[in-house]
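Heads up: the structure comes next, in structure tokens.
The values are calculated or read from the model by the stated rules, or taken from the named source; none is laboratory data. The shown structure was predicted, so the numbers you read here are calculated from the model rather than taken from an experiment. Backbone-built Cβ (ideal geometry, glycine too); neighbour counts: all protein chains shown.
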Amino acid sequence: MPTLLPLFPRGWAHYLGGGALIGAGVSLIYVSTGAAAGTSSFFSASWSWASGLPFFRQARWREERVWRLLYAAGLIAGALLWRLETGTSLATSVAPWRLLVGGLLAGFGTRLSGGCTAGHGICGIASLKRESFVAVPVFLLTAVLVAHLLP
Amino acid sequence: MKSETGAPPVLVRGAAALAGGILFGLGLCVSRMVRPEIVLDFLHLRDLGLLLVLGGATGVSLVVFQLAPRALKAPLLGGRFEPHPGRLGAETVVGAAIFGAGWGLCGVCPGPALAGLGAGLWPLGWAVLGLAAGAWLHGLYASRR
């Protein structure tokens, strides 16, 4: 598909394959436990171990915090397995302040909106949730815009 | 052994989440979405691979999320298929815009931030700290309303 090359200069198969693996992970959790496994709720759920704020003391977080912690551990373990198996080492040169400030905004925004790229983007669309069909285009367009405005 | 509500025991649920997380983390590495540069290349429209990742993941999930509740009475380990407490309001939109701004600034969202630590992308620890702080600020905001 030579005409598509400019759109996917690094190829396309690993993107689709990786995406299918992500979908398989989320689907496994849904079929076995019924939970829509977004990833950003991990952060709110984990604050229930440490924070006394009323929001974090809701029963919901206590019920979810163990499996969400193990879910996060799985994400790290999966990546670690991949690194050990393939011997690939990845690096990034994005500045720490950008990661910290970007993470802060993303963390606040995703919790306010009720989902991130996984919660709204994958689980929400797969559940045909109305709010996800609104949230996904909004965050995609904002992110493209912000990336273009910044050096 | 199941709890009174029929939900699977905490550690059984956790084991399923761990297994699903491992697949998710592998997928983020195979697709290279753990590297902020790959995400930022998408946001600059230089490599649209992220759309294939999102499409592949959502495609698989769409089939399963739609078929499972019809084919099974309950999830395999017990409990029920979650009718997610979804609500569409101003916060959905404003929150998504703030999330998008942060994502556009750093090229990292919650899944890749965590998986990045396993992949040896140590600077993503900054993003994890930021995400945790952002989630705390949201908790503060939501507690004071």
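Details
- Just one of the listed residues (A:A37, A:A13, A:A59, A:A45) is among the aliphatic types (A, V, I, L, M), within 22 Å of B:W103 (Cα to Cα) and out of contact with any Gly (no Cβ under 8 Å at 6 or more places or on another chain), and it is A:A45.
- Test: residue in the stretch A:134-151 that is more than 7 Å from chain B (Cβ to nearest Cβ) and small (G, A, S): no
- First in the stretch B:98-124 and in contact (Cβ under 8 Å) with a residue 12 or more places away in the chain, second anywhere and among the hydroxyl-bearing types (S, T, Y) and surrounded by fewer than 24 Cβ atoms within 10 Å (Cβ to Cβ), Cβ under 6 Å, 6 or more apart: B:L121/A:T92
- Residues (modelled with pLDDT of 95 or more, more than 7 Å from chain A (Cβ to nearest Cβ) and over 11 Å from A:S113 (Cβ atoms)) located in the stretch B:84-115: B:P112
- Residues in the stretch B:52-69 that are under 16 Å from A:Y30 (Cβ atoms) and β-branched (V, I, T) were compared, and the one that is surrounded by the fewest Cβ atoms within 10 Å (Cβ to Cβ) is B:V63.
- Candidate set from the stretch B:94-122 (those that are part of a loop (DSSP other than H, G, I, E, B) and in contact with a helix residue (DSSP H, G or I) (Cβ under 6 Å, 6 or more places away or on another chain)); member that is surrounded by the most Cβ atoms within 10 Å (Cβ to Cβ): B:V108
- Matching entry among B:R35, B:R80 (being surrounded by fewer than 22 Cβ atoms within 10 Å (Cβ to Cβ) and either within 7 Å of chain A (Cβ to nearest Cβ) or modelled with pLDDT of 95 or more (or both)): B:R80
- A:L141 being of a type outside the set (D, E, K, R) and either surrounded by fewer than 17 Cβ atoms within 10 Å (Cβ to Cβ) or farther than 30 Å from B:G14 by Cβ (or both): yes
- A:G124 meets the conditions (1) touching a residue at least 24 places away in the same chain (Cβ under 8 Å); (2) at the interface with another protein chain (Cβ under 7 Å from one of its Cβ atoms) in every case but one. The failed one is (2).
- Applying the criterion of at least 1 residues that are touching a Phe, Trp or Tyr at 6+ places or on another chain (Cβ under 7 Å) to the helices (runs of 4 or more DSSP H) found wholly in the stretch B:1-73 leaves B:10-30, B:49-71.
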